[in-house]
1. Read through the list (1) surrounded by fewer than 20 Cβ atoms within 10 Å (Cβ to Cβ); (2) within 9 Å of another protein chain (Cβ to nearest Cβ); (3) within 20 Å of the chain's Cα centre (by Cα), then give the number of the only condition that A:P72 fails.
2. Being assigned to a loop (DSSP other than H, G, I, E, B) and either farther than 28 Å from A:L153 by Cβ or in contact (Cβ under 8 Å) with a residue 12 or more places away in the chain (or both) is the filter here; which residues of region B:28-60 pass it?
3. Could you list, in sequence order, the residues of region A:298-314 that are modelled with pLDDT of 80 or more, surrounded by 13 or more Cβ atoms within 10 Å (Cβ to Cβ) and not polar (S, T, N, Q)?
4. Anything in region B:80-92 that is within 23 Å of the chain's Cα centre (by Cα) and either facing another protein chain (nearest Cβ under 8 Å) or acidic (D, E) (or both)? List them, or say none.
5. Among the residues of region B:24-69, how many are within 29 Å of A:S89 (Cβ to Cβ), more than 8 Å from chain A (Cβ to nearest Cβ) and surrounded by 15 or more Cβ atoms within 10 Å (Cβ to Cβ)?
6. Could you tell me whether any residue of region A:286-296 is aliphatic (A, V, I, L, M) and not in a helix (DSSP H, G or I)?
7. Being closer than 28 Å to B:K42 by Cβ, within 9 Å of another protein chain (Cβ to nearest Cβ), surrounded by 14 or more Cβ atoms within 10 Å (Cβ to Cβ) and of a type in the set (V, I, T), is that true of even one residue in region A:11-22?
8. Find the helices (runs of 4 or more DSSP H) located wholly in region A:94-199 whose residues include 2 or more that are over 23 Å from the mean Cα position of the chain (by Cα) and touching a residue at least 12 places away in the same chain (Cβ under 8 Å), and list them.
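The values are calculated or read from the model by the stated rules, or taken from the named source; none is laboratory data. Note that the structure is predicted; figures quoted are calculated from it, not measured. Cβ placement follows ideal geometry from the backbone for every residue including glycine, while neighbour counts extend to all protein chains displayed.
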Amino acid sequence: MTFALSFYTLAVVKALVLLGILLITLVYIQWVERKLIAHIQGRWGPNRVGPHGLLQPIADSLKLLTKEDLTPPHVHKLIFVMAPFLAVSLALISIAVIPFGGEVEVFGVRTTLQLTDLNIGLLFIFAVTSLGVYGIALGGWASNNKYSLFGALRSSAQMLSYELSLSLGVVGVLLLSGSLSLRRIVDSQAGYYFGFLPRWNVFHGPLPQLVGFLVYLTAAFAETNRVPFDLPEAETELVAGFHTEYSSMKFALFFMAEYANMITVACLATVLFFGGWHAPLPESWGIQYAPLVVGALVAGLLLYHSQGAFAGKQRRSMQVFGVVAALIGAAFLLQPVRVLFSPLFWFAAKSGFFLFLYIWVRGTLPRFRYDQLMGFGWKVLFPVGVANVLVTALMVALFG
Amino acid sequence: MSPSYPEAYFPILLQVGLAVLVAGGVLVTSHLLGRRVRNKTKDSPYECGITPVGDARGRFSVKFYLVAVLFILFDVEVVFLFPWAVVFRELGLFGFFSMLLYMALILAGFFFVWKKGVLDWAKRGR
């Protein structure tokens, strides 16, 4: 079955599928976060709306949509409305150049699992994400509220400071890969050292980019305004920071932007440092059956724990999810499914881990003080980033 | 296999359109759905229930400007690093030492700024 799809039709289909997946992830990552934080703190988390609170995000979205959309008279109206709009649309754009997998064939159509591969992909992402600071700065200023203004000022200074380190952290990767195209950066990480150690940039010779990765990761936490760098919305001192005056969906859009940025940054960490969609072990070690094992494990855990569930409804839903997990795992026994979904599985597993890390850190660490935050960004992260670039360059020049 | 410019950038344009559509759609929907009841208290800036004094158009610490200026300086430096890193394998040691010289100039400025106390946000000594 072969369709003669034109390039433009294909692009539209891919963009719509990508946007759909992104929006669903955006909605459900908040459920995952609330559940995980709750369990870290010894609570149940959302468990009333739907089985395991799975319909909670939908209920929340509907509630936010129908809430009063207040634009107070003391704000600068145009900028007040533009700010959340700008924040969220910029956050949704940067996902366009992320490569999720290699070339695949779906229903006879050959395509890459990427919306478009710009030869300046990395630069594009940095350009778009750094524009995101306007959403926050303008939103806080337009609110004409002291707390909002302080939140916005702090946020701008913080994001500017850490953007330096974010860029410095990836220069090492550029030195090793020699390209700004994200697809070529992933391609340069294919293969294994000694037959088992993946050539990901965190292990890549002549200088593994572990330091670069740590600089990138720390700066990424600050760029997305997450704990322990969530000073812009330090609720103990600034009420809600830059979005104090926002309500209804305008308020929610800022959170959508934050989570979309988190997803972009996590995907970028996977692409730049952890080999994108490449498996952590060669196929000769049987790594292609990992999704199968994971599916079986999840199914086993869910079915086992369903015995101890406290309500009949919970038991039934856990059994259903267990069977679904087993079926998904079993699907990986089929050759075509494995070829198509294995790269996606690894990409999702790695990015998912980084998203989990965000939530884990939020459940574990306290917040920095502002002078510590700025001091750390300029006096520690920046020099370390510069040193990493210089040492990597020297190693590449001598042994590369 | 590098696609032509329209082919590479059409999906970006598409994604921009979709993002604007989603953001705008959500804003318009919530504007239409939510009911609005206004009163004087709700319309005043939120300051924890205390009557606001003045507005937020006052002055703020000059440090924020300094950070912005420093950012421009050092970000330009980092932007220069990007093309240099991409072609670095062709430049080799020559490229390394040229960049070392350039970095030394920039870093001299960085340490000057550091010693001047621009990067200290809390007062020294306690």
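1. For A:P72, the exception is condition (3).
2. Within region B:28-60, B:G34, B:R35, B:R36, B:V37, B:R38, B:N39 meet the criteria.
3. Listed by number, the residues that qualify are A:V298, A:A299, A:G300, A:L301, A:L302, A:L303, A:H305.
4. B:L81, B:F82, B:A85, listed by residue number.
5. 0
6. no
7. The answer is no, given that none of the residues of region A:11-22 is closer than 28 Å to B:K42 by Cβ, within 9 Å of another protein chain (Cβ to nearest Cβ), surrounded by 14 or more Cβ atoms within 10 Å (Cβ to Cβ) and of a type in the set (V, I, T).
8. Correct list: A:121-142, A:146-177.
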